[in-house]
1. Taking the stretch A:132-149, which residues are away from chain B (no Cβ under 13 Å) and either without any contact (Cβ under 8 Å) to a residue 12 or more places away in the chain or out of contact with any helix residue (DSSP H, G or I) (no Cβ under 9 Å at 6 or more places or on another chain) (or both)?
2. Among the residues of the stretch A:95-114, are any polar (S, T, N, Q) and not in a helix (DSSP H, G or I)?
3. Looking at this structure, is B:Leu127 among the hydrophobic types (A, V, I, L, M, F, W, C), surrounded by 13 or more Cβ atoms within 10 Å (Cβ to Cβ), away from DNA strand C (no atom under 16 Å from the Cβ) and more than 14 Å from chain A (Cβ to nearest Cβ)?
4. Looking only at residues that are assigned to a helix (DSSP H, G or I), within 12 Å of DNA strand D (Cβ to nearest atom) and not hydrophobic (A, V, I, L, M, F, W, C) in the stretch A:140-156, which one is surrounded by the fewest Cβ atoms within 10 Å (Cβ to Cβ)?
5. Can you tell me which residue among A:Val129, A:Val21 is touching a residue at least 24 places away in the same chain (Cβ under 8 Å) and aliphatic (A, V, I, L, M)?
6. Step by step: first the residues of the stretch A:157-179, then only those that are among the hydrophobic types (A, V, I, L, M, F, W, C) and open to solvent by 50 Å² or more (accessible area, probe 1.4 Å), then the one that is farthest from DNA strand D (Cβ to nearest atom). Which residue is that?
7. Within the stretch B:79-123, work out how many residues are farther than 21 Å from A:Ala112 by Cα, crowded, with 20+ Cβ neighbours inside 10 Å, away from DNA strand D (no atom under 16 Å from the Cβ) and within 14 Å of chain A (Cβ to nearest Cβ).
8. Restricting the search to the stretch A:168-179, which residues are within 23 Å of B:Cys130 (Cβ to Cβ) and either within 13 Å of chain B (Cβ to nearest Cβ) or part of a loop (DSSP other than H, G, I, E, B) (or both)?
There are 2 protein chains.
Amino acid sequence: MNQSLLIAWEQYRDLYEEISVPARTILLEEGKVARYAYYIREGGVRAWFNNKGKETSFQFFFEGEGVSAMESFRTGQPSMYTIETLSAARLLKISKENFDLIADSTPGFKAALEEAVFQRLLHYRKLFVCQIRDTPQERYATLVADQPHILQRVPLQYIASYLGITPVSLSRIRNKFQK
Amino acid sequence: MNQSLLIAWEQYRDLYEEISVPARTILLEEGKVARYAYYIREGGVRAWFNNKGKETSFQFFFEGEGVSAMESFRTGQPSMYTIETLSAARLLKISKENFDLIADSTPGFKAALEEAVFQRLLHYRKLFVCQIRDTPQERYATLVADQPHILQRVPLQYIASYLGITPVSLSRIRNKFQK
DNA sequence: ATAATTTCTTAACAATTGTAAAGAGATGCT
DNA sequence: AGCATCTCTTTACAATTGTTAAGAAATTAT
């Protein structure tokens, strides 16, 4: 579900639908099975889970990216997290059945999917490595340098949990950063 | 490179070799291209990288597991990290060429490899989530509960970096834990 | 527009972690 | 065995982060 999977979607127009939803729309709730995957035409999405009463956001998605609770969509197991829009969004919505149909009938699709899975593996490993190697200040600086759009479009409280710190600590780091 | 890939290795015995190496043998050095993958018959291995003069260990491997610098082995890019034995080890060593030969000629191999990649994606995501959600104490407790063999077989200084803390801090946490 | 709500910042204090250094303990080498 | 080296623990102090609470700023709703 990344850009390499954008191949030939238009010929399957009857297998997915385009929907428009407001901000804070829950696309998949923690504990439920993901029967749909989404592709973001416009807007932002976050993935988060409940942690002792507080929300921990661990991934953000924007235009041109695919979103689903991967392992739930793949295995049929209940999702460990919620997927929710950050803003009003326009999405392509496809069912698991139709997704599999396309995967089975499109040459190269599964190879592209495998590559996307591999790239996401590298992405998560990088996030883990940054966590054990870098300080919160360094992680914030990396975010500013590499993914400034996240800072512009995601509320700071969500970014704080993504960085593994509290909103108060993030605010202090930002304060230092200005000087 | 996990247990599901153990299928039918014996019929390819001329495509890999079994080697025995002492502790602290570097199987792949940071900056070099991974031309071989390994399967651990006996012993332990760690993956680490240089971080401002200090070593940061981010993964440990033992009997029955496959080891390689994944993306280097796959893409031919220089590896970002070093792979080194923790103890004397007995390993199966296979070249990239022979690995691809087997992958191409064994039905189901690529599907099993894809599944292994997916499982490792989930593994790294879990590590990342533990980092942003749990305290160092909680992460240590999880290690004690879920992977006690790591504590028994890996020097504490390496475990400390894996938990994202200093050896001093780990020592303090262990001290508290005894009580 | 105004009020209500939510988000972000700031401050004070407690708790945790990092750093540096010293000593104890374990391991390895000849 | 004895020496040297490496690892782990402990201590003291500095720096950072978490927690709680209050106020400022921004957003949302009516």
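The values are calculated or read from the model by the stated rules, or taken from the named source; none is laboratory data. Computed from a predicted structure; not experimentally measured. Here Cβ is always computed from backbone atoms with ideal geometry, including for glycine, and neighbour counts include all displayed protein chains. Ligands, DNA and RNA are excluded from the accessible area calculation, which covers all protein heavy atoms including side chains. Shrake-Rupley method; radii C 1.70, N 1.55, O 1.52, S 1.80 Å.
1. Passing the criteria: A:Ala145, A:Asp146, A:Gln147, A:Pro148, A:His149.
2. Yes, the stretch A:95-114 contains a residue that is polar (S, T, N, Q) and not in a helix (DSSP H, G or I).
3. No.
4. A:Gln152
5. On the way: A:Val129 fails: touching a residue at least 24 places away in the same chain (Cβ under 8 Å).
Only one candidate passes the filter, namely A:Val21.
6. Across the stretch A:157-179, the extreme among qualifying residues is A:Phe177.
7. The qualifying residues number 2.
8. From the stretch A:168-179, those within 23 Å of B:Cys130 (Cβ to Cβ) are A:168-170, A:173; that's our starting set.
Residues satisfying the conditions are A:Ser169, A:Leu170.
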